[in-house]
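Q: For reference, the structure I am asking about is given below.
Bear in mind that the values in this text are calculations on the coordinates, not laboratory data. Note that this is a predicted model, so its numbers are computed, not measured. Every residue, glycine among them, receives a Cβ derived from its backbone with ideal geometry; neighbour counts consider all protein chains shown.
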Amino acid sequence: MEINLTLNEVNYVRASTWKRLFNYIIDLIFFGILYSLVLGIIFRCFPDFGASYSIFEEDRGNVFLLNFFYLLSYATTMGLVEGIFRGRTIGKWFTKTKAFNLDGSEISFGKAMSRAFCRIVPFCVFSAFGHPCNPWQDRWTNTMVADLKASQLDSTPFKNVFED
């Protein structure tokens, strides 16, 4: 059973659980590479900071702060990418999907940031495993991710990105 939303003569078809999972994995790889590059630059520019950093350190406060910084960085980066590209991330570009408001309009920059910060809620990733695929970041922000090919929408990744 497929759940669709028809507005303005357009039939928005929700992206499948598998496409959403691929989006997540691709975005995680993209972020991991970017995060590693940034940390490498920081450690290279500030050697004292890099020398004092140890993943084997037993201080739980440092581990908490590092995890918090990672999650905050992830949410900010994904929100910026999805906001700048109006509902598209690197993963969504590869899978030809896009986030929309439930009324069929493009998401705003603020909505993209909200979706990104919803994703860092513990166990949010598991909320996508259902039918239809409607994870928490979609429910809490009144958005959906549509399959552009199945919805017969233009899937050009950077079309009208910087226009109002």
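Q: Residues of region 133-152 with the amide nitrogen closer than 15 Å to a label point 7 Å from the Cα of Ser105, along Cα-to-Cβ, please.
A: In region 133-152, the label zone of Ser105 (backbone N under 15 Å from the point 7 Å along Cα→Cβ) covers 142-144.
Q: While we're on this one: If you wrap region 4-147's Cα atoms in a convex hull and average its projection over all directions, what's the area in nm²?
A: If I average the Cα hull's projected area over directions, I get 9.5 nm².
Q: Still on this model: For Arg44, Arg139, Arg14, what ranking results if the residue with the fewest other Cβ atoms within 10 Å of its Cβ goes first?
A: If I rank by nearby Cβ atoms, fewest first, I get Arg44, Arg139, Arg14.
Q: If you take the beta carbon distance between Tyr70 and Asn11 as r and set R0 to 25 Å, what does 1/(1 + (r/R0)^6) give as a FRET efficiency, to the nearest 0.05?
A: Using R0 = 25 Å, I get an efficiency of 0.05.
Q: Taking the Cβ-Cβ separation of Ile29 and Lys149 as r and a Förster radius of 22 Å, what is the calculated FRET efficiency to the nearest 0.05?
A: Once rounded, the FRET efficiency stands at 0.45.
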